[in-house]
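Enquirer: Have a look at the structure that comes next, please.
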Amino acid sequence: MNFPWLLLIVLTPLIGTLLLFVPKRFIPFSDKQIALYSSLITLIFVLVVAFIFDTSSTALTQFDVSYDWIPIFGISFHLGLTGISLVLIGLTAVLTPIVLLATEHEGMKKRKEFLMWILLVEASALAVFLARDLFLFYVVFEAMLVPIFFLVGRFGGPRRSAAALKFILFGLAGGLVMLAALIWLYFVGATQLGRGTFSITALSNELNMDVWTERWLFLGFFFAFALKAPMFPGHTWLPDTAEQATPGTSTMLIGILDKVGTYGMLAILLPIFPNASKEFAPIIIGLAVFGVIYAALVAMAQKDMKRTFAFISISHFGFIVMGIFSFTSIGMIGSTIYMVAHGLSTAALFLTAGYLIKQKDNSLINSFGGLTKIAPVMTGIFLIAALASIALPGMAGFVGEFMVLTGTFQRYQIPTIIATFGIILAAIYMLWLYQRVFTGTENKETKNIVDLNLKQTLVLSPLVVLTVLFGFYPAPVIKIAESAISNTMLQIGQTDPGPIISKVETK
Amino acid sequence: MMQNVVNSIPTPNFEYALLSPILIMFFAACAGVLIEAFLPNEKRRFSHLLVVFTSLLLAFFAVVLQSGPNGRALVASGTVALDGPGWILQGTILLVAVMSALLFAESKVDPLGDAFAARASTLPGGEEEKTVTKLGWAQTEVWPLLSFSVTGMLLFVTANDLLVMFVALEVMSLPLYLLAGLARRRRLLSQEAALKYFILGALASAILLFGSALTYAYTGSLEFGQISNGISSANNSPGLLTAAIALVAVGMLFKIGAVPFHQWVPDVYTGAPTPVTSFMAGAVKVAAFGGLLRIFYVAFGSLVWDWRPLIWVVAGLTMVVGSVIALSQSDFKRMLAYSSISNGGFILVGFSGTNRAAIAAVLIYLITYAFATVGAFALITLIREQAGESATLIRWKGLGKKSPLAAGLMSLFMLSFAGVPLTSGFTAKFGVFTAAIAGGATPLVLIGVLASVIAAVFYIRVIILMFFSDPIPEGPFVVVPSVFTTIAISASTVVTIILGLFPQIVIDLVSSASVFLR
């Protein structure tokens, strides 16, 4: 157990990045191969760790590695694995090689740079999900803005500069507020525990803050996570960024990095600020439900495919946040699964559409039509991705959404009922989009579109396979997530409400 | 104190060894004057380089050797305090001065020679100017001026006496007024900057001197420790003391370029030759904040509750005004000038913590900022057009395509200024925010957060211009510098990255040395 698996997982993509810059004559691989192999090796390490991971253990974290970093502030480079992190690093490790394979055309002349940023995104995402030191978490949380910033600005559409600027400013704004809260939290800890520490475990288990301190600190952290997730009303950067970014960048951003926001709520906000979380839960659930409906409606009004996907994601993030703040095991486990399902289906949507957009250099919904005959494979994969995205039974998203709604219903009936309409709206926006892009008659524009070739199909197939697999057999993910959520429920001092809810709540 | 003087005049005890860094630089400056007087034109440059670099490095080693626990003492009859912060400030000033001196020495980037006018006395644009430029003359007086200025700084940050401090301030500033006016290109702008700097600087010095006089009137002493005692025991009218502190504060805040005493900064930074600007933004900032720390923490330390609100207001204003005005700048040097103002505000946030952590935080910020800013200014000297440096931001479009290395390094410094983690700028920002929250200045930290976001806009915009836009036709080109500038830029880069990844290094160094002697 002492083998530093987690360190290896974080370092592998970084080493891959360095190898990209070793002169050609020393390395028998091309840039593409180096990037792909290092992401595949990372995936292997993650699988090994997932295999050894003990779901029956009650320990908070496993595979811990810790090195002193800034001892004077009690800061250490501490990585540890919880069930939730395992699920999310799994998602990261699966999506990165797929993105690398599916976006070969995106890099073009600046391929080495593109690969470098993608690998850096992967490394920072892995590090942020594994960080067990709040300072380390913050540092990576902020530093990961840089690779995405360059990916958007260097490889995006015509208005990429503005999009990149908006992206990084929203990120920095959230991060800096969190920094102030982080330092304040440090002093609260130092006063109370007699030693300064940023250990997430210590801060969650040993700290008892007074009411107002906890409220303010909660708000500081929540602000950063809600901007990152992103939740209504801090969501406006996401559609702009997704519209200008390449499909590969959007997959990394929306599929993986946006999960940092919801992960932060689940793994940091709830354990460290349990009381404030409970107090603010009704407001946050309200915002989340509003976001679900609002984003779904706005998604319908979009003319651009990539913007539509972004709004769909915002709508889905609403569901994830609902599950987290439902304070029920089933809701939180549902949110964890939903994060994975959303990552997979978003990747499938963006990458499939990416092949289409690439051919016409255009992502306007109305300019396409009648692709069922011209590009049947593409249509098929997109349809599966679309159905996965709207959480059709048999898809991973359904398991997540169902559990989230079940969990939330136990405490908040009315909001849950309202959110359920989001599912209907989802069916409308997705199928309508599918109808306009793929069915109907072909036009001059779409006539010469080429279908996916075998390689492209193979690259996308893991996404489809995993979505369906987790749809029919979610047990492994549920088990892994459950091992962490049961600890979280303990930390926040919550037990699941019984079937007769009203009695429990009137205590 | 007065009675002592009357009864017996003590033999002045002069700790030559401990004062050696200051003395070395002073002798180097004198040697520079002699070189000017006696050596022929063609031998001067080499001799100056030899003298200045040897003395800077010697002085630095003298600092390193003596700065241990045994080297902390009040010397020169209590007028100079060589304590932890003093040594660290001296060491930083010397290193930053080495870096700026490297830029002074660069003569390869401009086809006409170094960054200074061939003869400062010639009419800008006149026939004579062309002749002396063609002859390849050089204004080698910059070297002794640099040495004198460094001497002043070393004394300024360790001065424990208002009068010594004033003398040090003048020794430090007078050469700068001259240096600011010596630019080879855009000479009228440079001379205007020098004049403006001189007049406003002289005004600030006068105000500081007046404040010192009032302090003496109230406490009966000029020595910081005695002033502190005098304040607690004296029964004079508090109005006198308030006026004294206010005037001293104004004089010092002028030097650090805090709002509302910042108007000289953009003009002087823009007009001065870029190596001199780097020296001002780096070393002068360190020196000025060092002096400010010592006066307010030692001499006026017992009045913390009285002057703290003032510092809060100034810090908040400086951050916000500096950042907001920087947003609208189209000239890169001017933007960096406002950035320097706004960074001064962040240092004041740390300063307002008024505890040991605050001293450490200010020192860390000064070290990281000085290195990054010298690096950024060094890069400016490389981005040129036919007519000289190309500082108009809009013309930097697509620079990343022409020179990924220069643009990449500039981006690193910009990210560091913006306080992005894993760069030294984040270490610094974390430090000052921590100190401020520990000292109860949380509202100020929130303003700092807001200002950081505003500031991020203009830093990030530079990166966007360089990397996300296509180059303009006939845009600037990036020249390959000689070994001098290369060393300066490399050193800044290494410091910016290392202190971002392993902040423990500088934190250890500074935390063990953050107590003032009094």
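Enquirer: Out of (1) within 20 Å of A:GLU113 (Cβ to Cβ); (2) more than 9 Å from chain A (Cβ to nearest Cβ); (3) not in a helix (DSSP H, G or I), what's the single condition that is false for B:VAL462?
Expert: (3) is the only condition that B:VAL462 fails.
Enquirer: Going through A:PHE77, A:PHE45 one at a time, which residue ends up being modelled with pLDDT of 85 or more, away from chain B (no Cβ under 14 Å) and either under 24 Å from A:SER335 (Cα atoms) or not in a loop (DSSP other than H, G, I, E, B) (or both)?
Expert: Only one candidate passes the filter, namely A:PHE45.
Enquirer: Can you confirm whether B:SER416 is surrounded by fewer than 24 Cβ atoms within 10 Å (Cβ to Cβ), within 30 Å of B:GLU106 (Cα to Cα), within 14 Å of chain A (Cβ to nearest Cβ) and out of contact with any Cys (no Cβ under 9 Å at 6 or more places or on another chain)? Don't jump to the end; show me each part of the working.
Expert: Details: surrounded by fewer than 24 Cβ atoms within 10 Å (Cβ to Cβ): no; within 30 Å of B:GLU106 (Cα to Cα): yes; within 14 Å of chain A (Cβ to nearest Cβ): yes; out of contact with any Cys (no Cβ under 9 Å at 6 or more places or on another chain): yes.
Taking the combined requirement at face value, the residue does not satisfy it.
Enquirer: Shifting gears a bit: So which residues in the stretch A:240-252 are crowded, with 24+ Cβ neighbours inside 10 Å and either more than 10 Å from the chain's Cα centre (by Cα) or not polar (S, T, N, Q) (or both)?
Expert: In the first step, residues of the stretch A:240-252 are kept if they are crowded, with 24+ Cβ neighbours inside 10 Å; the result is A:241-242, A:244-252.
Within the stretch A:240-252, A:THR241, A:ALA242, A:GLN244, A:ALA245, A:THR246, A:PRO247, A:GLY248, A:THR249, A:SER250, A:MET252 meet the criteria.
Enquirer: Filter the stretch B:121-135 for residues that are surrounded by 18 or more Cβ atoms within 10 Å (Cβ to Cβ) and not in a helix (DSSP H, G or I) and give the result.
Expert: Within the stretch B:121-135, B:THR122 is the sole residue that qualifies.
Enquirer: Tell me yes or no: at least one residue of the stretch A:453-463 is surrounded by fewer than 12 Cβ atoms within 10 Å (Cβ to Cβ) and within 14 Å of A:PRO376 (Cα to Cα).
Expert: yes
Enquirer: Being within 9 Å of another protein chain (Cβ to nearest Cβ) and either hydrophobic (A, V, I, L, M, F, W, C) or surrounded by fewer than 20 Cβ atoms within 10 Å (Cβ to Cβ) (or both) is the filter here; which residues of the stretch A:163-180 pass it?
Expert: Start the filter on the stretch A:163-180 by keeping residues that are within 9 Å of another protein chain (Cβ to nearest Cβ), which leaves A:164-165, A:168-169, A:172-173, A:175-177, A:179-180.
Passing the criteria: A:ALA164, A:LEU165, A:ILE168, A:LEU169, A:LEU172, A:ALA173, A:LEU176, A:VAL177, A:LEU179, A:ALA180.
Enquirer: Pull up the stretch A:3-42, narrow it to residues that are in a helix (DSSP H, G or I) and among the small types (Gly, Ala, Ser), then point me to the one that is nearest to A:THR82 (Cα to Cα). Steps first, answer last, please.
Expert: Within the stretch A:3-42, the first condition is being in a helix (DSSP H, G or I), and the residues that meet it are A:5-19, A:24-26, A:31-42.
Within this subset, residues satisfying the condition of being among the small types (Gly, Ala, Ser) are A:16, A:35, A:38-39.
Working: A:GLY16: 26, A:ALA35: 27, A:SER38: 24, A:SER39: 22 Å.
Selected residue: A:SER39.
Enquirer: Restricting to the stretch A:189-238, what's the tally of residues that are at pLDDT below 90 and within 12 Å of another protein chain (Cβ to nearest Cβ)?
Expert: Selection size over the stretch A:189-238: 3.
Enquirer: With respect to B:LEU363, determine if the residue is surrounded by fewer than 19 Cβ atoms within 10 Å (Cβ to Cβ), hydrophobic (A, V, I, L, M, F, W, C) and either free of Cβ contacts under 8 Å to residues at least 40 places away in the same chain or more than 9 Å from chain A (Cβ to nearest Cβ) (or both). Full working, then the answer.
Expert: On the way: surrounded by fewer than 19 Cβ atoms within 10 Å (Cβ to Cβ): no; hydrophobic (A, V, I, L, M, F, W, C): yes; either free of Cβ contacts under 8 Å to residues at least 40 places away in the same chain or more than 9 Å from chain A (Cβ to nearest Cβ) (or both): yes.
Judged against the criteria, B:LEU363 is not a match.
Enquirer: Tally the residues that are within 28 Å of B:ARG308 (Cβ to Cβ), assigned to a loop (DSSP other than H, G, I, E, B) and either facing another protein chain (nearest Cβ under 9 Å) or of a type in the set (A, V, I, L, M) (or both), restricting the search to the stretch B:419-456.
Expert: The total comes to 2.
Enquirer: Next up: For A:PHE398, indicate whether it is among the aromatic types (Phe, Trp, Tyr), within 22 Å of A:PHE311 (Cα to Cα), buried (at least 21 other Cβ atoms within 10 Å of the Cβ) and over 26 Å from the mean Cα position of the chain (by Cα). Don't jump to the end; show me each part of the working.
Expert: Numbers: among the aromatic types (Phe, Trp, Tyr): yes; within 22 Å of A:PHE311 (Cα to Cα): yes; buried (at least 21 other Cβ atoms within 10 Å of the Cβ): yes; over 26 Å from the mean Cα position of the chain (by Cα): no.
In short, no.
Enquirer: Could you check B:GLY136 against (1) modelled with pLDDT under 90; (2) of a type in the set (Gly, Ala, Ser); (3) within 19 Å of B:LEU209 (Cβ to Cβ) and say which number it fails?
Expert: (3)
Enquirer: Another one. Quick one: count up the residues across the stretch A:115-138 that are of a type outside the set (S, T, N, Q) and within 24 Å of A:ALA35 (Cα to Cα). Walk me through it before giving the result.
Expert: At the first step, the residues of the stretch A:115-138 found to be of a type outside the set (S, T, N, Q) are A:115-123, A:125-138.
From what's left, within 24 Å of A:ALA35 (Cα to Cα): A:115-123, A:125-131.
Final tally of qualifying residues: 16.
Enquirer: Contact list please: Cβ distance under 7 Å, first residue in the stretch B:323-350 and in contact (Cβ under 8 Å) with a residue 24 or more places away in the chain and more than 20 Å from B:VAL374 (Cα to Cα), second residue polar (S, T, N, Q) and in a helix (DSSP H, G or I), pairs at least six apart or on different chains.
Expert: B:LEU348/B:THR318
Enquirer: Would you say A:PHE150 is facing chain B (nearest Cβ under 8 Å), more than 27 Å from B:PHE458 (Cβ to Cβ) and among the hydrophobic types (A, V, I, L, M, F, W, C)? Let's see the steps before the verdict.
Expert: On the way: facing chain B (nearest Cβ under 8 Å): yes; more than 27 Å from B:PHE458 (Cβ to Cβ): no; among the hydrophobic types (A, V, I, L, M, F, W, C): yes.
No: the conditions fail for A:PHE150.
Enquirer: If A:ASP451 passes every condition in (1) assigned to a helix (DSSP H, G or I); (2) over 20 Å from the mean Cα position of the chain (by Cα) but one, which one does it miss?
Expert: Every listed condition holds for A:ASP451 apart from (1).
Enquirer: Of the residues A:VAL292, A:VAL260, only one is surrounded by 24 or more Cβ atoms within 10 Å (Cβ to Cβ) and in contact with a helix residue (DSSP H, G or I) (Cβ under 9 Å, 6 or more places away or on another chain); which?
Expert: Values: A:VAL260 fails: surrounded by 24 or more Cβ atoms within 10 Å (Cβ to Cβ).
Only one candidate passes the filter, namely A:VAL292.
Enquirer: Checking the conditions here, which among B:LEU174, B:LEU155, B:LEU179 is crowded, with 24+ Cβ neighbours inside 10 Å and more than 22 Å from B:PHE516 (Cβ to Cβ)?
Expert: Every option except B:LEU179 fails the conditions.
Enquirer: Kindly list the number of the only condition in (1) part of a loop (DSSP other than H, G, I, E, B); (2) closer than 22 Å to B:PHE377 by Cα that fails for B:ALA488.
Expert: (1)
Enquirer: May I ask you to list the residues in the stretch A:48-71 that are over 19 Å from A:ALA475 (Cα atoms) and either away from chain B (no Cβ under 14 Å) or without any contact (Cβ under 8 Å) to a residue 24 or more places away in the chain (or both)? Walk me through how you get there before you give the answer.
Expert: Filtering the stretch A:48-71 for residues over 19 Å from A:ALA475 (Cα atoms) gives A:59-71.
Within the stretch A:48-71, A:ALA59, A:LEU60, A:THR61, A:GLN62, A:PHE63, A:ASP64, A:VAL65, A:SER66, A:TYR67, A:ASP68, A:PRO71 meet the criteria.
Enquirer: Going by the conditions given, is A:ALA391 among the small types (Gly, Ala, Ser), within 21 Å of A:MET339 (Cβ to Cβ) and in contact with a Leu (Cβ under 7 Å, 6 or more places away or on another chain)? Don't jump to the end; show me each part of the working.
Expert: Values: among the small types (Gly, Ala, Ser): yes; within 21 Å of A:MET339 (Cβ to Cβ): yes; in contact with a Leu (Cβ under 7 Å, 6 or more places away or on another chain): no.
No, not satisfied.
Enquirer: Next up: Residues of the stretch B:208-225 being under 27 Å from the mean Cα position of the chain (by Cα) and assigned to a helix (DSSP H, G or I), which ones?
Expert: The first filter runs over the stretch B:208-225 and keeps only residues under 27 Å from the mean Cα position of the chain (by Cα), leaving B:208-213, B:215, B:222-225.
Those that are under 27 Å from the mean Cα position of the chain (by Cα) and assigned to a helix (DSSP H, G or I): B:LEU208, B:LEU209, B:PHE210, B:GLY211, B:SER212, B:ALA213, B:THR215, B:PHE224, B:GLY225.
Enquirer: Is it true that some residue in the stretch A:21-32 is over 29 Å from A:LEU134 (Cβ atoms), within 14 Å of chain B (Cβ to nearest Cβ) and either surrounded by 15 or more Cβ atoms within 10 Å (Cβ to Cβ) or aromatic (Phe, Trp, Tyr) (or both)? Outline the logic, then answer.
Expert: Our first condition is that a residue be over 29 Å from A:LEU134 (Cβ atoms); within the stretch A:21-32, this holds for A:21-32.
Now narrow it down to the ones that are within 14 Å of chain B (Cβ to nearest Cβ): A:21.
Imposing the further condition that a residue be either surrounded by 15 or more Cβ atoms within 10 Å (Cβ to Cβ) or aromatic (Phe, Trp, Tyr) (or both) reduces the set to A:21.
The answer is yes, given that some residue of the stretch A:21-32 is over 29 Å from A:LEU134 (Cβ atoms), within 14 Å of chain B (Cβ to nearest Cβ) and either surrounded by 15 or more Cβ atoms within 10 Å (Cβ to Cβ) or aromatic (Phe, Trp, Tyr) (or both).
Enquirer: Consider the stretch B:36-53. How many of its residues are of a type outside the set (A, V, I, L, M) and free of Cβ contacts under 8 Å to residues at least 12 places away in the same chain? Let's see the steps before the verdict.
Expert: Narrowing the stretch B:36-53 to residues of a type outside the set (A, V, I, L, M): B:36, B:38, B:40-48, B:53.
If we keep only those that are free of Cβ contacts under 8 Å to residues at least 12 places away in the same chain as well, we get B:38, B:40, B:42-43, B:46.
Of the residues in the stretch B:36-53, 5 are of a type outside the set (A, V, I, L, M) and free of Cβ contacts under 8 Å to residues at least 12 places away in the same chain.
Enquirer: Considering only residues that are in contact (Cβ under 8 Å) with a residue 60 or more places away in the chain and hydroxyl-bearing (Ser, Thr, Tyr), look in the stretch B:414-451 and name the one that is nearest to B:VAL313 (Cα to Cα).
Expert: Filtering first and then ranking leaves B:THR434.
The values are calculated or read from the model by the stated rules, or taken from the named source; none is laboratory data. Source: prediction; values computed, not measured. Here the Cβ is made from the backbone with ideal geometry for all residues, glycine too, and neighbour counts use every protein chain on show.
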